[in-house]
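Beneath this line is the structure, given in structure tokens, with notes to follow.
The values are calculated or read from the model by the stated rules, or taken from the named source; none is laboratory data. Just so it is clear, the model here is predicted, and its values are computed rather than measured. Ideal geometry is used to build each Cβ from the backbone, glycine not excepted, and the neighbour counts take in all protein chains shown. Calculation scope for accessible area: heavy atoms of the full protein, side chains included, ligands and nucleic acids excluded. Shrake-Rupley method; radii C 1.70, N 1.55, O 1.52, S 1.80 Å.
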Amino acid sequence: MDSVDRMVAEWNRRAPSLDVEPLQVIGRLLRWAEHGQRAIKDALRPLGLSYGDFDVLNTMRRRGDPAGVNPRELARSSLVTSGAMTARLDRLAEAGLVVRETDPADRRAVLVRLTERGEQLATEALAAVLAADEELLAPLDSAQREQLATLLKTALSPHETG
């Protein structure tokens with residue numbers, strides 16, 4: 001019996017008329033998310049990256065804009081405020097992982113791009129995160145993973161924007 005089963009059993013004894021069935025799913029999703037966040041944090045720690053740093057580096061890597069990306073656009077892609085993005089970019093630039101350059105199309109604007117070191121670290125970090133994800137998903141075969149992904153997408157769709 002896992003912790004969610006115990007919780008549901010305790011509620012069923014304490015308040016039998018209370019429908020606690022949603023805890024079977026939500027309780028487990030929250031526990032799984034905790035394990036996933038811890039696994040990702042542990043995977044990134046040896047690389048000296050936070051999840052936010054990882055997100056920024058790999059968003060830039062995924063986009064593959066050779067000239068760089070506008071920090072405002074990068075913030076929108078990462079769903080963080082421009083102030084938070086500025087702080088992250090400052091930290092990443094100080095570490096030699098990104099560089100800021102004047103946008104040749106608009107001298108008032110700045111473009112940010114990965115350095116070679118930033119590209120390498122982003123690659124290593126993605127491999128570490130994917131390995132942690134794989135370990136978390138190891139109990140599921142490919143059909144179960146596909147089914148879970150579909151169910152989660154369906155459950156999330158009314159709550160997602162854009």
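Can you compute the helix-only [θ] at 222 nm over the chain? Use -39500 (n - 2.57) per DSSP H run of at least 4 residues, normalise by all residues, nearest 500 deg cm²/dmol.
-21500 deg cm²/dmol
In square angstrom, what is the accessible area per residue of the chain with a 1.4 angstrom probe?
Per residue, the chain has an accessible area of 69 Å².
In a reduced charge model with +1 at each Lys and Arg Cβ and -1 at each Asp and Glu Cβ, the range 1-122 shows a dipole moment near 120 debye about its Cα centre. Heavy-atom surface analysis with a 1.4 Å probe gives the range 16-162 a carbon and sulfur content of 56 percent of its accessible area. Largest accessible area first, the listed residues 137, 151, 121, 18 line up as 151, 18, 137, 121 when surface is computed with a 1.4 Å probe on the assembled protein chains.
Please get the size of the charge dipole for the range 1-66, origin at its Cα centre, with Cβ charges of +1 on Lys and Arg and -1 on Asp and Glu, quoted in debye to the nearest 20.
160
Accessible surface for residue 25 stands near 90 Å², nearest 10, in the context of the full protein assembly shown (1.4 Å probe). Rg then Dmax, both in Å and based on the Cα atoms of the range 27-149: 16.5, 53.
Applying 1/(1 + (r/R0)^6) with r as the Cβ-Cβ distance of residue 61 and residue 9 and R0 = 45 angstrom yields a FRET efficiency of 0.45. Label-to-label distance, residue 133 versus residue 151, with points set 7 angstrom from Cα along the beta-carbon direction: 2.0 nm.
How high is the FRET efficiency from residue 72 to residue 51, r the C-beta distance, R0 25 Å, rounded to 0.05?
0.75
Kindly point out which whole DSSP H helices in the chain project their C-alpha atoms 20 angstrom or further along the helix axis while averaging a Kyte-Doolittle hydropathy of -0.5 or above.
Working: long enough: 22-44 (33 Å, -0.18); 116-137 (31 Å, 0.18); 142-156 (21 Å, -0.03).
Result, helices passing both filters: 22-44, 116-137, 142-156.
The residue list 131, 33, 4 was ranked by how far each Cα lies along the charge dipole of the chain toward its positive end, using unit charges on Cβ atoms, and 33 comes out on top. Of 147, 120, 37, the residue with the greatest mean-square motion in the GNM of the chain, using alpha carbon springs below 10 Å, is 147. Cα centroids of the range 1-37 and the range 84-162: 31 Å apart.
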